[in-house]
Amino acid sequence: MKKIIVILLSLTALANLAVAATSNYYLRTALYFDWFGARYEEGSFMNQLSTRLKFEFSPSSSREWTVLVDVRDRYNVHERGQNQFILYDARVIYNPQSRPFYFSVGQMNLYDTAGIGQLLGGIFGFKIKRNLLLGGYAGLEQATYVNKVDFHYQKYGVFARYDGAGAKSFSLSYNHLRYSGKNEQQYLYAQAFMPVQKTLFVYGNVQYELGPHLATQDRLSLLFLNARADITQYADATVFFSQGKGLDFHRYLVDRSLDPSLNDQDLQRFFYSRQYGLRLSFKPVKNIKLYVSRQESEQKDYGLKNHTWRLGASVWDIIKSGFSLYGDYSFNRGDLAESDSYYISLNKDVGRFSWSATFSNTYTGFRYVGGAETPRIIHFSNYRNLATSVFYYLNRSISISVEYNYFMQEHLNQHLFFVRLMFRR
């Protein structure tokens, strides 16, 4: 925990110096103190403390120069004091409104711009008519859990990014990854969000491999499309399609480091190589909404196909009590499908308090079995989860959240606890 305390004090000192020089500045900070605990059936207990700092500072209101820092320090009490230092973001950005130049230097995440994940290096760009940014990047792969810089893994490429009115955005990049002097991967990556007249919203991304020695059917390594249409004020429809190869372990590491309570069975969403479906929702009367969806999932490498029907409903402000209720039931069929599953959620807001409780079951997990190098789907028996959480908003600067999860399975019960104290400025 010493590292993040030193960083916090250093950033505070720098901000104070800048503020002393000028009162026309921008400053936003957030500090999180977390405790995560887990007690397992055999009596073992995991105890973890964490501190996270998010810092955004610009010495002027025009924000030509901006410093961004997002770091976490995690201490595992029962693992001989093992300490993990996690660096999400640490960079300096130059982005003047009156000039066409843009650059960002440091540790950053390029999922949105280039689809390459973490980068320790720099982005340099030239703005055309404020909406279009053309540029390139170069740097090294930096692990989320910081221990040392790996100079063998290099990334570089060029990109174009458009940000238009009404939240429209589009990006296209060419990316080249090298490891130990050898070409590892070359690909084109594109991402777009296109709202149409506030009734149709389309989002998608695609990755196409350019490297040699790849079969034609393997070049489209990622395709994701999601479109939602508001048919009327009482009904809307969402269609989605995703296809990909392999697991995005970089993205999963980021998700896991952000949320330590994330369980491995959540990896299942990365496992299927093709998913598509349709979701319809209806609002027959005020405060009630009904849902029905159909989903097809396929793991092409193993020849598995699963089919899911899901029915759901939500009711809010029940009899003007402030309680909201949501529930769904899934009919799962196929080669290695889950048993039928359900999810129920009850929520209530009382002044500065927000409370929620959920009960659900899940049967299929995603595990490394028997020392295997690749994960596989395995089947659990009646794995249920009871969870409750409370969020308290003290004022604009201070809030606290408390969560408890009880996973129920024969001889494998787990109790998970999570407490977070938040300070914002």
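The dipole here belongs to segment 140-237: it is taken about the Cα centre, uses +1 on the Cβ of Lys and Arg and -1 on the Cβ of Asp and Glu, and is about 180 debye. Assuming R0 = 35 Å, what is the FRET efficiency of Leu346 and Tyr162, from their Cβ-Cβ distance, to the nearest 0.05? With R0 = 35 Å, the Cβ-Cβ based efficiency is 0.25. When the charge dipole of segment 100-254 is built from unit charges on Cβ atoms (+1 for Lys and Arg, -1 for Asp and Glu) and taken about the Cα centre, the candidate among Tyr162, Pro212, Ala227 whose Cα reaches farthest toward its positive end is Tyr162. Number of Lys-Lys pairs in segment 110-245 with C-alpha atoms under 26 Å apart and a separation of 8 or more places or on different chains: 9. Multiplying the residue separation of Trp35 and Ile288 by 0.36 nm and subtracting their alpha-carbon distance yields 87.4 nm. Applied to segment 212-219, the Karplus parametrisation 6.51 cos²θ - 1.76 cosθ + 1.60 on θ = phi - 60° returns per-residue 3J(HN,Hα) values of x, 6, 10, 5, 4, 6, 9, 6 Hz, with x for Gly and Pro. Maximal additional length on extending the Leu27-Phe423 stretch stands at 141.2 nm, based on 0.36 nm per residue less the C-alpha distance.
Any read-out appearing in this document is the output of simple, stated calculations on the displayed coordinates, not a laboratory observation. For clarity, every value in this text was computed on a predicted model and none was experimentally measured. Virtual Cβ from ideal backbone geometry, glycine too; neighbours counted across all protein chains shown.
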